1. In the range 90-117, which residue that is assigned to a loop (DSSP other than H, G, I, E, B), open to solvent by 30 Å² or more (accessible area, probe 1.4 Å) and touching a residue at least 40 places away in the same chain (Cβ under 8 Å) is farthest from residue 46 (Cα to Cα)?
2. Spot the failing condition for residue 66; the list is (1) touching a residue at least 24 places away in the same chain (Cβ under 8 Å); (2) open to solvent by less than 30 Å² (accessible area, probe 1.4 Å), and only one is missed.
3. Only one of 16, 54, 42 is open to solvent by less than 30 Å² (accessible area, probe 1.4 Å), of a type outside the set (A, V, I, L, M) and part of a loop (DSSP other than H, G, I, E, B); which?
4. For the range 23-39, give me the residue count where each residue is surrounded by fewer than 16 Cβ atoms within 10 Å (Cβ to Cβ) and modelled with pLDDT of 80 or more.
5. Based on what the data block shows, is residue 79 out of contact with any Ser or Thr (no Cβ under 6 Å at 6 or more places or on another chain) and either part of a loop (DSSP other than H, G, I, E, B) or modelled with pLDDT of 95 or more (or both)?
Amino acid sequence: QVQLVESGGGLVQPGGSLRLSCAASRIISSGYTMGWYRQAPGKQRELVASITSGGSTNYLDSVKGRFTISRDNAKSTVYLQMNSLKPEDTAVYYCNKSPPRYAYSYWGQGTQVTVSS
């Protein structure tokens, strides 16, 4: 059974940092490309960053230079380091396979990130 468990979100001031974690049993160690997605209120879910099993990464233009995705295959965990956070980064963040057409229909509970002063 697929399990995707996101954590690490919270309330942070603009310019602050957060590190998100995603525990994904069996998925990450199986070598799938993984992604971090986010969904802001009233908006569609969007892919923020992705990483292949070999470590190649891609980012949404608006987060390039601020966010870093990484993975630990042995721990079946994917991370998203978010620096220089902006109010427009406020959203619920999820992990799943990437690209979106390959994502599981099951989504975890996500982790809320709120950037506000």
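1. So the residue we want is 117.
2. The one condition residue 66 does not meet is (1).
3. Sole residue among the options that is open to solvent by less than 30 Å² (accessible area, probe 1.4 Å), of a type outside the set (A, V, I, L, M) and part of a loop (DSSP other than H, G, I, E, B): 16.
4. So the count comes out to 2.
5. The answer is no for residue 79.
The values are calculated or read from the model by the stated rules, or taken from the named source; none is laboratory data. Bear in mind the structure is a predicted one, so any value in this text is a computation, not a measurement. Reconstructed Cβ throughout: ideal geometry from the backbone, glycine too, with neighbour counts over all protein chains shown. The protein model used for the area step is the full one, side chains on, heavy atoms only, and it has no ligands, DNA or RNA in it. Shrake-Rupley method; radii C 1.70, N 1.55, O 1.52, S 1.80 Å.
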